[in-house]
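Structure first, commentary second.
The values are calculated or read from the model by the stated rules, or taken from the named source; none is laboratory data. Small disclaimer: the values here were computed from a predicted structure and weren't measured. For neighbour counting, all protein chains shown are included, and Cβ atoms are generated from backbone atoms with ideal geometry for every residue, glycine included.
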Amino acid sequence: MKLNTKQTVLIGLSFASILAFWQLYDQVIPVILENHFGCSTGVTNAIMAIDNVLAVFMLPLFGMISDRTKTRLGRRTPYILFGTAAAVALMIVIAVITEVGNFAGFFVCLMLLLVVMSVYRSPAVSYMPDVTPKPLRSKGNAVINLVGYIGGIFTTIVMAFLVKSTPAPDGTMVYGSFIPIFAAVAAFMLITVLIMAFTLNENKIVREANVGSDEDDSAAVPGGKLEKPVLKSLIFILLSVFLWFTAYNGVTTSFSRYFENVYGVGAGSSSLYLTVATVAAIASFVPLGIISSKLGRKKTILLGILVMTLCYGAIFLLPKTGVIMYIIFAVVGVGWAAINVNSFPMVVEMCHSSDVGKYTGYYYAFSMAAQIFTPLLSGILITRLSAGYRVLFPYAVVFSALSFVTMCFVRHGDSKPEEKKSLLEHFDVDVD
């Protein structure tokens, strides 16, 4: 049994398209809202959170709908192809409306764009497991993500050249036209997805892969009907996903303000700590893959949770910043990678091949729900309690510890890879 690398790379082009968009959305839309339309930080944050609200409901729904779709283009390709085309058209309209200065039109088109992106995200994520047998999904997922990162890198690079800004006398930034950056990312999205659509015949490769014949879990049957022990494991791992995202995103949401209020460190300097965590996570993918092949996915996740819980507590106890803070955040990055490297594969492992889209939607729904919940709850605690921002890391400790407890009840989805795996297989990461 061997992975079709060329085919997997082509499927990964849809991931590159998606990551290119979200990089643009996260970096450019807040700038447009605050600097171009004069929205307050609160209004901007509320608008930026809408995609998470939509994702909670739409990702499972359209994952399930795509599971049951039958067309001459396949069951995932129609959503990816037409979803991308609609997204590209809306992006161009948004860029033009931004130039005109019509906030109402901008907002309506942005909402439509977020709906479109929610429609085809789960189908795109589900494509690779559809055509990849379970023993090869780790390696396939690695290839998918390696290709996907091209999209994020592309957007980051072109932003440096196409997003022009100059400082105003009052200290704010004045930005030039956003049409070039929207057009460049839209073109990248369209080209990558068209290459995928015209070089792959989904129905043909699904038949050739015959993934449904390799089901090795008798509890996973078509239609999502799981045996009670497997259902229990699914519920507990999804609760774990919610809890560890509540802890982690609670920290990242208020991170810069915590360092400003507790340590007197500005946002520019404090962002370096998160950068260290990100770099450490990327660097640890291969060794974590090796560890998970020895310990299993569940034990590796539990180790990651334990490490992160201890780090949250250590940061709370540190009286000042310094070298030790960088070391702790590097360890945080490793712990977070240990969790995410293994969690999505465990969820998909529990379902039948005909339900991959639905279970992919479940995974993202719980992670997105946490990203809606945690800014609200942590914000209330910070505002209402006398400790103020000092409550942030104890808050993270509590939810991280709870995720350790719920993860202990997960008994399924822990599929160990075969011996003598290639380095690619150790990059078993998910798209979030």
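Quick notes
- Counting the residues of the stretch 292-328 that are within 11 Å of Ile339 (Cα to Cα) and either in contact with a Gly (Cβ under 6 Å, 6 or more places away or on another chain) or modelled with pLDDT of 85 or more (or both) gives 11.
- Filtering the stretch 163-185 for residues that are within 19 Å of Arg75 (Cα to Cα), of a type outside the set (Ser, Thr, Tyr) and not assigned by TED's automatic domain parsing to the domain that holds Tyr364 leaves an empty set.
- Scanning the stretch 387-414 for residues that are over 22 Å from the mean Cα position of the chain (by Cα) and at pLDDT below 85 gives a single hit, Ala387.
- If you check Gly289, Gly268 for being in the same structural domain as Thr360 (by TED's automatic domain parsing), crowded, with 20+ Cβ neighbours inside 10 Å, modelled with pLDDT under 80 and in a helix (DSSP H, G or I), only one passes: Gly289.
- Applying a threshold of 9 Å to beta carbon distances and a minimum spacing of six or more residues, or different chains, the list of pairs starting in the stretch 36-48 at a residue that is more than 18 Å from Met111 (Cβ to Cβ) and ending at one that is charged (D, E, K, R) and surrounded by 14 or more Cβ atoms within 10 Å (Cβ to Cβ) reads Ser40/Glu34; Thr41/Glu34.
- Matching residues, the stretch 303-333, being within 15 Å of Leu272 (Cβ to Cβ) and outside any helix (DSSP H, G or I): Thr321, Gly322
- When the stretch 293-337 is filtered for residues that are under 20 Å from the mean Cα position of the chain (by Cα) and of a type in the set (Ser, Thr, Tyr), only Thr300 remains.
- Subset of the stretch 81-106 [touching a residue at least 24 places away in the same chain (Cβ under 8 Å), in a helix (DSSP H, G or I) and either farther than 28 Å from Ser66 by Cβ or not assigned by TED's automatic domain parsing to the domain that holds Leu10 (or both)]: Ala95, Val96, Thr98, Glu99, Phe103, Phe106
- Residues considered: Leu112, Leu61. Of these, the only one that is in contact (Cβ under 8 Å) with a residue 60 or more places away in the chain and under 29 Å from Phe373 (Cα atoms) is Leu61.
- Number of the condition not met by Gly322 [criteria: (1) within 19 Å of Leu239 (Cβ to Cβ); (2) free of Cβ contacts under 8 Å to residues at least 40 places away in the same chain]: (1)
- Just one of the listed residues (Ile153, Ile144) is more than 27 Å from Asp355 (Cα to Cα), modelled with pLDDT under 90, under 16 Å from the mean Cα position of the chain (by Cα) and of a type outside the set (Gly, Ala, Ser), and it is Ile153.
- Each residue in the stretch 154-186 was checked for being free of Cβ contacts under 8 Å to residues at least 24 places away in the same chain, farther than 19 Å from Pro30 by Cα and assigned to a helix (DSSP H, G or I), and 0 pass.
- Subset of the stretch 31-47 [surrounded by 13 or more Cβ atoms within 10 Å (Cβ to Cβ) and not aliphatic (A, V, I, L, M)]: Glu34, Asn35, His36, Phe37, Cys39, Thr44, Asn45
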